[in-house]
Amino acid sequence: MEWTPASIALLTTSATLAVTIVLFILEWRRHVKESHLETRRRAISRVIDAVEAASRATSTPFHPRAGGELELALAVPRLLLEIEPKQRAVANWTIRKIQLMRLAPTDVTANGIALEIGSRLIQWHHGELRLDWFEEEVRRDPPVSPFRVPARARAARAVNRSWTSSKLGFLIGVGVAPLPLIARQILHAWRDA
């Protein structure tokens, strides 16, 4: 076979076209992967924002009702929406941890669980935890459906919050009670001087 300029041009054009198509496909796959990672990062960020809100809602003893756990529970459907279906174990693990937060007898225990949720999701996003870890955790302790917080658990949490508030109130009272006497002594000393 004799190579003519036209056949050489056709061969180089075909090779260039094939390389271009391969590069396009590789770039498209990289872009899709980055898009999935960014979507997952945003979903995890929302859950972490809700974890922070839940922790802040219970950080002061004088709060009428902690709604942060509800906010965290509402962030999970968005996490389910934005992760791939094969990663559902991550959301199921998060759901179970939220259930355990709701059952926790104290706000300190609930905040510890919230911190675990945030740290595990970050580890998963950075590749430090694999999906099979979440799958194993879900197999070991699956989410309960339908889930309700028993009255006994709600009462235990309310008693704990009341006790914490009363201790803080007592400490504030003990600290504030002598202030008028001290102020009076300072005023008398100032007037006498």
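Tell me which residues, restricted to the range 138-157, are in a helix (DSSP H, G or I), at pLDDT 80 or above and exposed (fewer than 13 other Cβ atoms within 10 Å of the Cβ). Steps first, please.
Keep residues of the range 138-157 that are in a helix (DSSP H, G or I), which gives 138-140, 151-157.
Remaining after also requiring at pLDDT 80 or above: 138-140, 152.
Of everything in the range 138-157, those that are in a helix (DSSP H, G or I), at pLDDT 80 or above and exposed (fewer than 13 other Cβ atoms within 10 Å of the Cβ) turn out to be Arg139, Arg140, Arg152.
When the residues of the range 5-21 are filtered to those that are surrounded by 10 or more Cβ atoms within 10 Å (Cβ to Cβ) and not aliphatic (A, V, I, L, M), which remaining residue is nearest to Val76 (Cα to Cα)? Full working, then the answer.
Of all residues in the range 5-21, those surrounded by 10 or more Cβ atoms within 10 Å (Cβ to Cβ) come to 7-21.
Subsequent filtering for residues that are not aliphatic (A, V, I, L, M) retains 7, 12-14, 16, 20.
Values: Ser7: 60, Thr12: 53, Thr13: 51, Ser14: 50, Thr16: 47, Thr20: 41 Å.
Restricting to residues being surrounded by 10 or more Cβ atoms within 10 Å (Cβ to Cβ) and not aliphatic (A, V, I, L, M), the top hit is Thr20.
Out of all the residues in the range 1-55, which are among the polar types (S, T, N, Q) and not in a helix (DSSP H, G or I)?
Let us first name the residues in the range 1-55 that are among the polar types (S, T, N, Q), namely 4, 7, 12-14, 16, 20, 35, 39, 45, 55.
The one that is among the polar types (S, T, N, Q) and not in a helix (DSSP H, G or I): Thr4.
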Residue check: is Phe24 at pLDDT below 80, loosely packed, with under 12 Cβ neighbours inside 10 Å and among the aromatic types (Phe, Trp, Tyr)?
no
If you go through the range 44-57 one residue at a time, do you hit one that is surrounded by 13 or more Cβ atoms within 10 Å (Cβ to Cβ), at pLDDT 75 or above, touching a helix residue (DSSP H, G or I) at 6+ places or on another chain (Cβ under 7 Å) and more than 24 Å from Arg157 (Cα to Cα)?
yes
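Within 16 Å of Val51 (Cα to Cα), in a helix (DSSP H, G or I) and small (Gly, Ala, Ser): is that true of Ala89 in this structure?
Working: within 16 Å of Val51 (Cα to Cα): no; in a helix (DSSP H, G or I): yes; small (Gly, Ala, Ser): yes.
No; evaluated as a whole, the condition is false for this residue.
If we keep just the residues of the range 118-132 that are part of a helix (DSSP H, G or I) and of a type in the set (Gly, Ala, Ser), which is farthest from Leu72 (Cα to Cα)?
As a first pass, look at the range 118-132 and keep what is part of a helix (DSSP H, G or I): 118-125, 131-132.
Going one step further and asking which of them are of a type in the set (Gly, Ala, Ser), we end up with 118-119.
Values: Gly118: 11, Ser119: 15 Å.
Residue satisfying both the conditions and the ranking: Ser119.
Which one of these is surrounded by fewer than 18 Cβ atoms within 10 Å (Cβ to Cβ), assigned to a helix (DSSP H, G or I) and touching a residue at least 12 places away in the same chain (Cβ under 8 Å): Leu72, Leu115?
On the way: Leu72 fails: surrounded by fewer than 18 Cβ atoms within 10 Å (Cβ to Cβ).
After applying the criteria, what remains is Leu115.
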Number of the condition not met by Ala104 [criteria: (1) closer than 27 Å to Leu37 by Cβ; (2) among the small types (Gly, Ala, Ser); (3) modelled with pLDDT under 90]:
(1)
Are there any pairs, at least 6 apart or on different chains, whose C-beta atoms fall under 6 Å, with the first in the range 81-98 and over 9 Å from Pro143 (Cβ atoms) and the second in a helix (DSSP H, G or I) and of a type in the set (Ser, Thr, Tyr), and if so, which?
Glu82/Thr39
Lone unmet requirement of (1) surrounded by fewer than 12 Cβ atoms within 10 Å (Cβ to Cβ); (2) part of a helix (DSSP H, G or I); (3) of a type in the set (Asp, Glu) for Glu135:
(1)
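The values are calculated or read from the model by the stated rules, or taken from the named source; none is laboratory data. Since we're looking at a predicted model, the values are computed, not measured. Neighbour counts are summed over all protein chains in view; Cβ atoms, including those assigned to glycine, are modelled from backbone coordinates with ideal geometry.
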